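Visitor: Have a look at the structure that comes next, please.
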Amino acid sequence: TGKAILSAEKDLKTATVNLIKKLVDEDSEIVSLFYGEDVSKEDADEIAELISEELENVEVEVYYGGQPVYYYLISVE
């Protein structure tokens, strides 16, 4: 989508969920969520659960990425 801002929220969880919902289309099957060193596994799992509830045809996988700068790296396939 180029350099457009796709989600801007005060809450990280809401911003991440909204972003993923915008990235997923009818051909999407898997969302991989890599959480960084400043994010707990519980927070990442909560986002995965919210996405799974809202987008029933998409599998969500959560991985520890350990990246120091970004809270999440997201891959949609």
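Visitor: Quickly run through segment 37-61 and pick out the residues that are more than 17 Å from Thr14 (Cα to Cα) and of a type outside the set (D, E, K, R).
Guide: Within segment 37-61, Asn57, Val58 qualify.
Visitor: Next question. Report, by residue number, each residue of segment 24-70 that is in a helix (DSSP H, G or I), modelled with pLDDT of 95 or more and under 26 Å from Gly2 (Cβ atoms).
Guide: Within segment 24-70, Ile47, Ile51 meet the criteria.
Visitor: When residues of segment 17-31 are filtered for being touching a residue at least 40 places away in the same chain (Cβ under 8 Å), open to solvent by less than 70 Å² (accessible area, probe 1.4 Å) and of a type outside the set (Ser, Thr, Tyr), how many remain?
Guide: Count: 6.
Visitor: Here's another thing I want to ask about it. State yes or no: is Ile5 open to solvent by 30 Å² or more (accessible area, probe 1.4 Å), in a loop (DSSP other than H, G, I, E, B) and among the β-branched types (Val, Ile, Thr)?
Guide: Here the answer is yes, as Ile5 does meet what is asked.
Visitor: Something else now. Assuming Thr14 fulfils every condition listed in (1) open to solvent by 50 Å² or more (accessible area, probe 1.4 Å); (2) in contact (Cβ under 8 Å) with a residue 12 or more places away in the chain; (3) of a type in the set (S, T, N, Q) apart from one, which condition is it?
Guide: All conditions are met except number (2).
Visitor: Additional query: I'd like to verify a number: residues in segment 47-72 that are surrounded by 14 or more Cβ atoms within 10 Å (Cβ to Cβ) and either aliphatic (A, V, I, L, M) or touching a helix residue (DSSP H, G or I) at 6+ places or on another chain (Cβ under 7 Å) (or both), how many?
Guide: 10
Visitor: I would also like to ask the following. In segment 21-56, which residue that is hydrophobic (A, V, I, L, M, F, W, C) and in contact with a Phe, Trp or Tyr (Cβ under 9 Å, 6 or more places away or on another chain) is farthest from Pro68 (Cα to Cα)?
Guide: So, considering only residues that are hydrophobic (A, V, I, L, M, F, W, C) and in contact with a Phe, Trp or Tyr (Cβ under 9 Å, 6 or more places away or on another chain), the one farthest from Pro68 (Cα to Cα) is Ile47.
The values are calculated or read from the model by the stated rules, or taken from the named source; none is laboratory data. Predicted model, so just to flag it, every value in this text is computed and none were measured. Don't worry about glycine lacking a Cβ; one is built from the backbone with ideal geometry, like all the others, and counts go over all protein chains shown. Heavy atoms of the whole protein, side chains included, go into the accessibility calculation; ligands, DNA and RNA do not. Shrake-Rupley method; radii C 1.70, N 1.55, O 1.52, S 1.80 Å.
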